[in-house]
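Here the structure is laid out as structure tokens; the discussion comes afterwards.
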Amino acid sequence: MRPRADTTPVHVLFYNATGADIQLYQLNAEGKRTAHGTTIGENISSSVLTSVNAPWVVADASGKCLEIVLPGQQTRYHTVEGARVDGQPEHPAWRRTAPLAGSEEMLRQYIETVGRGEPNYDRMTAEMAAQTRQQLPFNQAILNRLGALRAMSFRGVTSMGNDIYIAHFANGMAEWRIGLVKDGTIGRIALGPQ
């Protein structure tokens, strides 16, 4: 497998749900792996800038290929899932249609504490805590403009397993996406469609 001539740039977000570290390699024109220097820990995501139709190898820590991802219009967010002994995906092919237990409450607390400028970083993964610190002034300004949270309604589940909510505020509405990791902390959160 080799990259095609199309050089249209695209960001791809890889999310590691395998339970172990994974490595990313891009394939060069000869079809050989080029070290990208990216190791993604469990329940962590990493964004890479690449080109449409430029293949990426997702490998385990030993370098064994787990899958090949071809970025494009339909592949901008990719969850790498673990496999059982028989090689089948660890997670069933069907997708949830109901929210994760606790996701609405965690989102309400996140909105409330970010609005006050006092997020509870202990209820987030290290990656999400760093992202929240970086975006705090921006998100706090948005939440202050929206006013008090009045209601929240569940809308669905993304292909990455994040719950989608519409939050109704005194001065408007906003879409939120939240994903919880195994210990119930926030592993992914975003204001607005991604």
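Every number here is computed from the coordinates shown, using simple stated rules; none is lab data. Note that the structure is predicted; figures quoted are calculated from it, not measured. Neighbour counts are summed over all protein chains in view; Cβ atoms, including those assigned to glycine, are modelled from backbone coordinates with ideal geometry.
About its Cα centre, the dipole of segment 91-194 is roughly 220 debye, where the only charges are +1 on Lys and Arg Cβ and -1 on Asp and Glu Cβ. Less than 5 angstrom separates the built amide H of residue 66 from those of 58, 59, 60, all sequence-distant by 5 or more or on a different chain. Computed extension length for residue 20-residue 151: 43.4 nm, one decimal, from 0.36 nm per residue of separation with the Cα-Cα distance subtracted.
For residue 26, the residues 5 or more places off, or on other chains, whose built amide H falls under 5 Å of its own are 34, 36, 57. Near the amide H of residue 162, within less than 5 Å, lie no amide hydrogens of residues on another chain or at least 5 residues away, with H placed in the peptide plane.
Name the shape class, rounded, prolate or oblate, that the alpha-carbon gyration tensor gives for segment 107-157, where a ≥ b ≥ c are the square roots of its eigenvalues, rounded holds for a/c under 1.5, and otherwise prolate holds if a/b is larger than b/c and oblate otherwise. Oblate is the answer for segment 107-157, as a/c is 1.5 or above yet b/c matches or exceeds a/b. Selection among 152, 102, 132 by position relative to the dipole of segment 100-163 gives 152 as farthest towards the positive end (Cβ unit charges, Cα centre).
Debye sum, Cα scatterers, the chain, no solvent: what log₁₀ I/I(0) at q = 0.12, 0.14, 0.15 1/Å? Debye curve over Cα of the chain, log10 I(q)/I(0) at q = 0.12, 0.14, 0.15 Å⁻¹: -0.67, -0.87, -0.97. 3J(HN,Hα) along segment 52-68, derived from phi through the Karplus expression 6.51 cos²θ - 1.76 cosθ + 1.60 where θ = phi - 60°, amounts to 4, 6, 9, x, 10, 9, 9, 10, 7, 4, 7, x, 5, 5, 9, 5, 10 Hz, with x in place of Gly and Pro. Entry note, the chain: relative contact order of 16 percent, from Cα contacts under 8 Å with a spacing of 6+ residues. Loop sites by DSSP among the GluC sites (Glu not before Pro) of the chain, restricted to those with at most 14 other Cβ atoms within 10 angstrom, leave 91-194 as the longest stretch without any of them. With both labels modelled 7 Å from their Cα along Cα-to-Cβ, the residue 105 to residue 138 distance reads 3.1 nm.
In order along segment 128-142, the Karplus-derived 3J(HN,Hα) couplings, from 6.51 cos²θ - 1.76 cosθ + 1.60 at θ = phi - 60°, round to 5, 4, 5, 5, 5, 4, 5, 9, 4, x, 5, 5, 5, 5, 4 Hz, and Gly and Pro are given as x. Karplus-based coupling profile of segment 151-163, in residue order and whole Hz: 7, 9, 10, 6, 10, x, 10, 6, 5, 8, x, 7, 7, with θ = phi - 60° in 6.51 cos²θ - 1.76 cosθ + 1.60 and x standing for Gly or Pro.
For the residues 31, 72, 184, a GNM of the chain with alpha-carbon springs under 10 Å puts the largest fluctuation on 31. How would segment 108-194 be classified by its alpha-carbon gyration tensor: rounded, prolate or oblate, with rounded meaning a/c under 1.5 and the a/b versus b/c comparison settling the rest? In terms of gyration-tensor shape, oblate. Between residue 173 and residue 11, the C-beta separation translates, for a Förster distance of 22 Å, into a calculated FRET efficiency of about 0.25.
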